[in-house]
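For reference, the structure is listed below as structure tokens.
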Amino acid sequence: MKVASTMTAVGLPPAPGGGSWAATGGRSSKALVLNATMEPLCVVPARRAVVLVLSSKADVVQTNGHRFRSAELDIAAPSVVRLRSFVRVPYRRRAALSRRGVFIRDGHTCQYCGRNAENVDHVVPRSRGGAHEWENVVAACRRCNSRKRDYTPAEAAMALRRQPYAPRAAFWLVVAVGGVRDDWAAYLGDVTSAG
Ligand SMILES: [Zn+2]
């Protein structure tokens, strides 16, 4: 996955002393890593973030109240860290299209009627040459999805509440954690918006 390749580029040192870490609280298990430019880069296990900080590769930006304890150390678990040196990201990827991603982008609501969405609908049906891409896929409820069938929205007289768009690349971070975590929101920016 992208996290692994990005972190390889960072050059992760082994855990200090080879000891094992114990964290308090399940919510402390992951940390957001920001590039030196403050752009969100990846999500890593919180203990990796601790190692980055202890090896002076990153600074703690935010903690979440949990502690990391080992035989020698007792430190606040970082929930957001910032790398000291800039890591070049090869190119700005589009977030990969996924069912889960579409539901998150569309707030789990049907883009035709606003009810709870259960299906993914191709705005221009695939049978009519519609592409399987962010701009042609929306979350839809079962009712609207079956009502629309193989019609375009115009033919079915069903208006979209909002044009579907491709989210920015950092959106996959949000998908990976299943939503914007409160303590990360400020650093992720509006990643679900087009960009
Ligand atoms: Zn609907």
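If you go through region 83-94 one residue at a time, do you hit one that is more than 21 Å from the chain's Cα centre (by Cα) and either farther than 30 Å from Arg149 by Cβ or surrounded by fewer than 12 Cβ atoms within 10 Å (Cβ to Cβ) (or both)? It would help to see each step written out before you state the result.
Restricting attention to region 83-94, the residues satisfying the condition of being more than 21 Å from the chain's Cα centre (by Cα) are 84-85.
From the residues that got through so far, the ones that are either farther than 30 Å from Arg149 by Cβ or surrounded by fewer than 12 Cβ atoms within 10 Å (Cβ to Cβ) (or both) too are 84-85.
Yes, some residue in region 83-94 is more than 21 Å from the chain's Cα centre (by Cα) and either farther than 30 Å from Arg149 by Cβ or surrounded by fewer than 12 Cβ atoms within 10 Å (Cβ to Cβ) (or both).
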Query - Any hit, region 114-126, residues being of a type in the set (S, T, N, Q) and away from the ligand (no atom under 14 Å from the Cβ) - result: no
Query raised in the report: Could you say which residue among Ser56, Ser79 is at negative phi and polar (S, T, N, Q)?
Result: Ser79
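Would you call Val102 modelled with pLDDT under 95 and either away from the ligand (no atom under 16 Å from the Cβ) or on the phi < 0 side of the Ramachandran plot (or both)?
On the way: modelled with pLDDT under 95: yes; either away from the ligand (no atom under 16 Å from the Cβ) or on the phi < 0 side of the Ramachandran plot (or both): yes.
The answer is yes for Val102.
Does region 63-72 include one or more residues that are among the polar types (S, T, N, Q), open to solvent by less than 70 Å² (accessible area, probe 1.4 Å) and without any contact (Cβ under 8 Å) to a residue 24 or more places away in the chain? Write out each step before concluding.
Of the residues in region 63-72, the ones among the polar types (S, T, N, Q) are 63-64, 70.
Filter once more, so that each one left must be open to solvent by less than 70 Å² (accessible area, probe 1.4 Å): 63-64, 70.
Checking the rest, the ones that are also without any contact (Cβ under 8 Å) to a residue 24 or more places away in the chain come to 63.
There is at least one residue in region 63-72 that is among the polar types (S, T, N, Q), open to solvent by less than 70 Å² (accessible area, probe 1.4 Å) and without any contact (Cβ under 8 Å) to a residue 24 or more places away in the chain.
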Query - Cβ pairs under 9 Å, 6+ apart, first in region 134-148 and closer than 12 Å to His122 by Cβ and among the basic types (Lys, Arg), second in a helix (DSSP H, G or I) and more than 10 Å from the ligand (Cβ to nearest atom) - result: Lys148/Glu155; Lys148/Ala156
Report task. Might you let me know whether region 50-57 holds any residue that is in contact with a helix residue (DSSP H, G or I) (Cβ under 8 Å, 6 or more places away or on another chain) and surrounded by 22 or more Cβ atoms within 10 Å (Cβ to Cβ)? Result -> yes
Requested in this report: State yes or no: is Gly129 within 19 Å of Ala156 (Cβ to Cβ), without any contact (Cβ under 8 Å) to a residue 40 or more places away in the chain and not hydrophobic (A, V, I, L, M, F, W, C)?
Outcome: yes
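The values are calculated or read from the model by the stated rules, or taken from the named source; none is laboratory data. Predicted model, so just to flag it, every value in this text is computed and none were measured. Every residue, glycine among them, receives a Cβ derived from its backbone with ideal geometry; neighbour counts consider all protein chains shown. Heavy atoms of the whole protein, side chains included, go into the accessibility calculation; ligands, DNA and RNA do not. Shrake-Rupley method; radii C 1.70, N 1.55, O 1.52, S 1.80 Å.
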